[in-house]
Ligand code: ATR
């Protein structure tokens with residue numbers, strides 16, 4: 001039940017009907033007994049700026065921003081958190097007391113928090129990490145791993161120029177690897193992360209040999225549909241610890257929830273099951 005004083009948040013996207021965020025935040029609002037609401041906000045690209053500017057006037061505490069608005073949001077907000085600037089996209093907006101908009105990106109936080117919650121041992125900072133992909137998701141993962149202090153990060157992408165551009169735009173121990181010779185990149189690695197769309201339902205599979213990957217390396221696929229990708233199945237079969245992408249989605253949302261509703265919520269198995277039911281329609 002919400003009162004006339006309920007705090008308001010939501011998710012702006014186009015389309016937005018596939019978003020699990022209302023289900024996710026709704027679960028937490030209920031769980032923590034918070035007087036608030038989180039609603040889907042279908043906003044066309046041409047209306048996005050007007051939609052954002054309306055938030056303070058409508059009394060919103062803030063919003064999440066999803067496809068296709070994340071890069072536009074970075075340009076439109078009044079202030080940008082340094083991590084969002086580094087990633088090049090804003091996915092969380094807070095309406096400040098003076099009505100100005102502050103933009104954040106919570107994906108780097110979600111990526112690391114999920115790994116720390118699931119792994120019995122955190123990644124070894126002295127072991128290289130291998131990142132597959134060079135899109136927006138790769139930028140968030142990189143920001144997170146550089147912040148964690150990894151000694152070496154190897155990036156491989158089908159289009160090598162994108163990997164090179166990524167390596168140049170981040171200050172850190174980054175090395176670009178050949179996408180067609182990934183075997184060598186796996187040697188000695190402590191963490192392998194897939195940030196490409198390969199393996200996602202409806203996309204081609206990620207065909208990758210893990211033969212040279214140490215068996216204690218964590219294999220993290222940020223794909224969450226399907227939950228158990230063939231990469232994770234192959235990794236688990238040879239004894240590697242594995243992490244699926246659903247946890248990152250859930251953990252990244254915690255940060256926005258805290259900013260709007262004042263409580264840092266937990267990711268529990270019950271929440272995972274609740275969101276999975278939504279994903280499976
Ligand atoms: P996001 O912002 O979600 O990361 P993106 O910017 O579209 O999405 O990036 C998708 C990633 O998947 C890219 O690294 C892309 O490689 P390219 O930069 O070469 O396009 C990768 N990807 C998509 N389809 C691929 C395929 N068939 N083979 C290899 N990599 C692929």
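Since every read-out is calculated from the coordinates, none of them should be taken as a lab result. Predicted model, so just to flag it, every value in this text is computed and none were measured. For neighbour counting, all protein chains shown are included, and Cβ atoms are generated from backbone atoms with ideal geometry for every residue, glycine included.
With 10 angstrom as the radius, rank 151, 255 by how many other C-beta atoms surround their C-beta, starting from the fewest.
151, 255
On average, how much area does the Cα convex hull of the range 140-281 cover when viewed from any direction, in nm²?
For the range 140-281, the mean projected area of the Cα convex hull comes to 10.0 nm².
Taking Cα pairs under 8 Å and at least six residues apart, what relative contact order does the range 204-281 come out at, in percent?
Over the range 204-281, the number comes to 24 percent.
Rounded to two decimals, what is Rg over Rh for the range 211-281 when you use alpha-carbon atoms and the Kirkwood radius?
1.08
Pairs of alpha-carbon atoms within less than 8 angstrom and 6+ residues apart define the contacts here; what relative contact order does the chain have, in percent?
Rounded, it is 16 percent for the chain.
Which residue, 239, 136, 202, has the most motion in a Gaussian network model of the chain that connects Cα atoms within less than 10 Å?
202
What's the ranking of 120-126, 100-106, 10-16, 157-163 by average number of surrounding C-beta atoms within 10 Å, highest first?
So the peptides 120-126, 100-106, 10-16, 157-163, ranked by packing, come out 100-106, 10-16, 157-163, 120-126.
At q = 0.08, 0.16 Å⁻¹, what is the base-10 log of I(q)/I(0) for the chain according to the Debye formula with one equal point scatterer per Cα and no solvent? Please give it to two decimals.
So the normalised log intensities are -0.34, -1.27.
May I ask what percent, to the nearest 5, of DSSP beta bridges between residues of the chain are antiparallel?
Just about 20 percent of them are antiparallel.
For the range 1-119, max minus min Cα coordinate along each principal axis, in Å, sorted largest first?
43, 37, 29
Please give the helix 136-148 orientation as an angle from the longest Cα principal axis of the chain, in degrees from 0 to 90, rounded to the nearest 10.
80 degrees
Taking Cα atoms, how many degrees apart are the long axis of helix 48-57 and the longest axis of the chain, rounded to 10 and kept between 0 and 90?
Compared with the principal axis, the helix lies near 50 degrees.
On a 0 to 90° scale, report how tilted helix 269-279 is relative to the longest principal axis of the chain, with both axes built from alpha carbons and the result rounded to the nearest 10.
80 degrees
For the residues 35, 269, what sequence is obtained by ranking on other C-beta atoms within 10 Å, fewest first?
269, 35
Treat the count of other C-beta atoms within 10 Å as a stand-in for reagent exposure and order 112, 248, 1 from fewest to most.
Ascending number of Cβ neighbours within 10 Å: 1, 112, 248.
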